[in-house]
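The next block holds one structure in the form of structure tokens; read it before the comments.
Quick note: the coordinates plus some simple rules give every number you see, no bench work behind them. All figures in this text were calculated on a predicted structure; none of them were measured in a lab. Positions of Cβ are backbone-derived with ideal geometry, glycine not excepted, and every protein chain shown enters the neighbour counts.
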Amino acid sequence: MQIKLLQEKKVDSNENLIIIAKRDSKFSDFFNEKETKYILQKIEREEYSMLLNQYDRLVFIEVVDVEEEIYKLNEKLRKAAVSSGKVLNKNKKATVFLQAVDISASFLLPYAEGLLLSNYQFNKYFKEKEKKNNTLKKLKLVSEELDINQLNTLSVLAEAIYFARNLINEPVIYLTAEQLVKEIKEKQKEAGYKLTVFDKKKIEALKMGGLLAVNKGSIDPPSFSILEWQPENAKNDKPVVLVGKGIVFDTGGLSLKPTADSMDYMKSDMSGAAAVAGLMYAIAKAKLPVKVIGLIPSTDNRPDGNAYTPGDVIKMYDGTTVEVLNTDAEGRMILADALSYAKQYNPDLVVDIATLTGAAAYSIGKYGIVAMGNADPSYFEKLKNSGNKTYERIAEFPFWEEYKELLKSDIADLKNIGGRVGGAITAGKFLEHFTDYPYIHLDIAGAAFVKTEDSYRGKGGTGAGIRLLFDFIKNLY
Ligand code: BES
Ligand code: ZN
Ligand code: ZN
């Protein structure tokens, strides 16, 4: 359930309240003697999250250490919001006020963000879903310092992340490559960017061999979506292009994945596409003065009588030939065509986002995003900065040219797998072959989907990359 963010002049003393304060805040201004004593005792014991039951009103107090590094403190606040959200929902509350005491109102924003993002649920398929739905609907921020634009941005980003999570959590029995297009179209109407969709016929006419090869084993047609946001007040001439991997299910194809723990959640293999669709929604809704184009190639990857096969040589959209040695390395096949297609925009920068390799997931887990590329180091600096701010942290991998040697084929220009060494990097190097512009590759295989609840990222699809890239693009020019 999306929470509505509102700005209020003062707290309604009958309503639930969350207070963010520091150790030496004047609690006696807000609480009676007994309560103040309780709070100070708690602080003494270094317990910084408190809950007071004032009859049918709940009052939460979060005490922060303002000396702490700001990005870490912000993350603590996002996380702290999750437990109060749970208590509020458990008690069937609909409204809560949020106020800062003796500290900057800017601390309200990460807390609000945590509350909004943790209120997400995917209840669509429960018979009695209404009973399960969270009750919390309104968050009222008490501050005149806060800029209404900041609140709007927060709401828009939460909406974008809800949208992306829904897409990721949808199983392939519903979310085919064609349905993905319909869902994007639905959201596009509200956001107002331009949408162009290529169907199978058009994809064949364009000879997007990588996308068509992966689609050969599918009974459903592929799709290729182009999402354009080119406002008149754009600060950049050349656009930023975002490319998202849209494999709506990855069985591995003929190089079939073993089911247990490896194929089970591969409905999430379109998380990159979900991130791009979510980002384009947020960028257009927030009317960012930046030209951004999103490209989403999509299909499922399945074994079948006609499925592409190890040993096949595929002619890609740009004419490069690829020897397929593992049909499970399908993401790079569809992304390569989209990256070649991006050349015509003469982009300033291209960022692809993909659940590309198990190697990336094993390297850093769910704790961050693997990044690599040939774009100027200043871009990476900005990306890492956004990574810390949003706590979608960046782990930069090397991108040395020697890794490309591992992709040499005996009979074609490239093969689609490297070897045991540097699996995430050889995948990135494969993709780089199809670029002629500054390029960043993001592998979100670890962060895109969590099987157990992970704080405000929830359970299931996380929407990884959206807050990161929104902040990055917003501050790029
Ligand atoms: N979609 C997978 C990568 C993946 C693994 C995402 C785990 C999320 C969690 C990708 O298409 C894949 O199967 N990659 C192979 C590549 C290999 C065959 C070179 C992999 O990483 O094993
Ligand atoms: Zn695969
Ligand atoms: Zn995949």
Inset, instruction - Using a cut-off of under 20 Å, list every residue of region 336-367 whose amide N is near the label point 7 Å from the Cα of ASN374 along the Cα-to-beta-carbon line. - result: 336-354
Inset, instruction - Taking the Cα centre of region 190-309 as origin, work out the dipole magnitude from +1 charges on Lys and Arg Cβ and -1 charges on Asp and Glu Cβ, in debye rounded to 20. - result: 400
Inset, instruction - Taking the dipole about the Cα centre of region 406-469, with the C-beta of Lys and Arg at +1 and of Asp and Glu at -1, give me whichever of ILE440, VAL450, VAL421 is farthest to the positive side. - result: VAL450
Inset, instruction - Return one number: the angle in degrees, 0 to 90 and rounded to the nearest 10, between the long axis of the Cα atoms of helix 177-191 and the longest principal axis of the Cα atoms of the chain. - result: 50
Inset, instruction - Under 19 Å Cα to Cα from LYS201, which lysines show up? Leave out anything in the same chain fewer than 8 places away. - result: LYS182, LYS216, LYS315
Legend entry - Average Cα contact separation per residue, region 307-445, under 8 Å, 6 or more apart, as relative contact order %: 38
Legend entry - Furthest towards positive pole of dipole, ALA273, ILE334, PRO239, structure part region 235-350, Cβ charges: PRO239
Legend entry - Cα shape, region 334-477, gyration tensor, a/c 1.5 rule: oblate
Inset, instruction - Evaluate the charge dipole of region 324-409 about its Cα centre and quote only its size in Debye, nearest 20, assuming +1 on the Cβ of each Lys and Arg and -1 on the Cβ of each Asp and Glu. - result: 240
Inset, instruction - Measure nothing fancy, just the Cα-based angle from helix 148-169's long axis to the longest principal axis of the chain, in degrees from 0 to 90, nearest 10. - result: 50
Legend entry - Length-normalised contact order for the chain - Cα pairs under 8 Å, 6+ apart - percent: 15
Inset, instruction - Answer rounded, prolate or oblate for the chain, using the Cα gyration tensor with square roots of eigenvalues a ≥ b ≥ c: rounded when a/c is under 1.5, else prolate when a/b is larger than b/c, else oblate. - result: prolate
Inset, instruction - Give the peptides 466-476, 267-277 in descending order of average Cβ contacts within 10 Å, highest first. - result: 267-277, 466-476
Inset, instruction - Can you tell me the 0 to 90 degree angle between the C-alpha axis of helix 377-390 and the longest principal axis of the chain, rounded to 10? - result: 40
Inset, instruction - Show the residues, 5+ positions off or on another chain, whose built amide H is closer than 5 Å to the amide H of GLN7. - result: LEU141
Inset, instruction - Please give the calculated 222 nm ellipticity per residue for the chain, where each DSSP H segment of at least 4 residues contributes -39500 (n - 2.57) and the sum is spread over every residue; nearest 500 deg cm²/dmol? - result: -10500 deg cm²/dmol
Inset, instruction - With a ≥ b ≥ c taken as the square roots of the eigenvalues of the C-alpha gyration tensor of region 178-267, please select rounded if a/c is under 1.5 and otherwise prolate if a/b is larger than b/c or oblate if it is not? - result: prolate
Legend entry - Estimated FRET transfer efficiency when R0 is 22 angstrom, pair GLU401-LYS315 (beta carbons, to 0.05): 0.35
Inset, instruction - Highest first, please rank the peptides 30-38, 329-337 by the mean number of other Cβ atoms sitting within 10 Å of their residues. - result: 329-337, 30-38
Inset, instruction - Report, in whole Å, the centroid distance computed from the Cα atoms of region 242-279 and region 114-143. - result: 26
Legend entry - Bridge type composition, region 338-477 - antiparallel percent by DSSP, nearest 5: 45
Legend entry - Pairwise centroid distance, computed over Cα atoms, of region 1-73 with region 167-214, Å: 46
Inset, instruction - Let me know the charge dipole size of the chain about its Cα centre in debye, to the nearest 20, where only the beta-carbon of Lys, Arg (+1) and Asp, Glu (-1) is charged. - result: 1380
Inset, instruction - Between SER104 and ASN346, take the C-beta separation as r, use R0 = 35 Å, and let me know the FRET efficiency to the nearest 0.05. - result: 0.25
